[in-house]
Amino acid sequence: MKIHFVASPSDSAQLALERLSQKYGNAPLQNADFVVCLGGDGFMLEALHKVLDSRTAIYGMNYGTVGFLMNAANEVDLLRRLANAQPSVLHPLHMTATTSTGIVRSALAFNDVFLFRQTRQTSRIKIEIDGRVRLEELICDGIIVSTPAGSTAYNLSAHGPIVPLSSNILPLTPISAFRPRRWRGALLPSSAVVKLTLLDTEKRATAAVADFTEIRDVAEVVVREDRTRRATILFDPDHGLSERIIAEQFVA
């Protein structure tokens, strides 16, 4: 069993990398049967992009804080844990952002795509779903399009709903909405194409973020799930991602 280890810059992750590499070796990524990611959720998101479309599954060990996408930092009997781990297949969101100067950039996100105001003034956003205008103007700090896996992250902190991994649903959640006051977001089918048009871009600059890619001064953002791309993440038995998403809804 060939393992490729990657680790975040934290002291605890780097020490674990040294110990595990000495014990199991550290195979090149292209020859590895498994990738073991040592760090937190943010570092796991970066690692997922590196194994995108690869047949190599990734197994996380938590040397960060929350560790929702990670397994326990238990270095004992790693080979057995890898052999018994259960896979979850994740499809990323594809974001196409056009800036106010006409530059078009794309990025992928396993967690979420969100827009957020760059200045003290709120953003004004028109929302279209599958070519139909659903909200002429949302006045807010921003808005989130989340994957099911990412529904427990920024989406949850913005009071968005947690959705099961198998639901084929994308939560659309406003961030500090001012108008309409009572709009709390929507649940969209995973096939939906979400177009977010920024109004009054000269006065109300807004940034778009897809996982760790940030694009400033956007004028239009289109988000859709890309079912042609995938990454496989591994979890210990009885602690799979679907179970964690359910359990998170009962946390006091």
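Only beta bridges with both residues in the range 12-138 are counted; by DSSP, about 60 percent of them are antiparallel. Computed about its Cα centre, the charge dipole of the range 162-231 is approximately 340 debye, with only Lys, Arg, Asp and Glu carrying charge at their Cβ. Our coupling estimate for the range 104-110, obtained by passing each phi through the Karplus curve with A = 6.51, B = -1.76, C = 1.60 and θ = phi - 60°, is 10, 10, 10, 7, 10, 9, 8 Hz, Gly and Pro reported as x. The listed residues 182, 244, 117 rank as 182, 117, 244 when sorted by accessible area, largest first, using a 1.4 Å probe.
For residue 126, a cut-off of 29 angstrom between C-alpha atoms picks up these lysines, skipping any fewer than 8 places away in its own chain: 195, 203. Per residue, the accessible area of the chain comes to 48 Å², computed with a 1.4 Å probe over protein heavy atoms only.
Note on the chain: GNM, Cα springs under 10 Å; of 228, 122, 99, the largest mean-square fluctuation is that of 228. The phi-based Karplus calculation (6.51 cos²θ - 1.76 cosθ + 1.60; θ = phi - 60°) puts the 3J(HN,Hα) values of the range 69-79 at 8, 10, 9, 4, 7, 10, 8, 7, 6, 5, 4 Hz, whole numbers, x for Gly and Pro.
Can you give me the long-range amide H partners of residue 57? Hydrogens built in the peptide plane at 1.01 Å from N, cutoff under 5 Å, separation of 5 or more residues or another chain. Close amide H contacts, sequence-distant or interchain: 35. Taken over the range 110-205, the ratio of Cα radius of gyration to 2.2 N^0.38 Å equals 1.03.
Karplus-derived 3J(HN,Hα) values for the range 44-54, using 6.51 cos²θ - 1.76 cosθ + 1.60 with θ = phi - 60°, are 4, 4, 5, 5, 4, 5, 6, 9, 4, 6, 8 Hz; glycine and proline are entered as x. Principal axis extents of the Cα atoms in the chain, from largest to smallest and rounded to whole angstrom, are 58, 39, 33. Amide H to amide H, with H built 1.01 Å from N, residue 212 comes under 5 Å of no residue 5 or more places away or on another chain. Give me the percent of accessible area attributable to carbon and sulfur for the chain, probe 1.4 angstrom. Exposed carbon and sulfur together represent 50 percent of the surface. Loop-located GluC sites (Glu not before Pro) in the range 136-215 (DSSP state not H, G, I, E or B) with no more than 11 neighbouring Cβ atoms inside 10 Å: 202. Put simply, the amide H of residue 199, placed in the peptide plane, has neighbours under 5 Å in 124, 125, 126, leaving out anything fewer than 5 places away on its chain.
The values are calculated or read from the model by the stated rules, or taken from the named source; none is laboratory data. Note that the structure is a prediction, hence the values are computed from the model and not measured. Don't worry about glycine lacking a Cβ; one is built from the backbone with ideal geometry, like all the others, and counts go over all protein chains shown. Quick note on the areas: whole protein, heavy atoms, side chains included, nothing else; ligands and nucleic acids left out. Shrake-Rupley method; radii C 1.70, N 1.55, O 1.52, S 1.80 Å.
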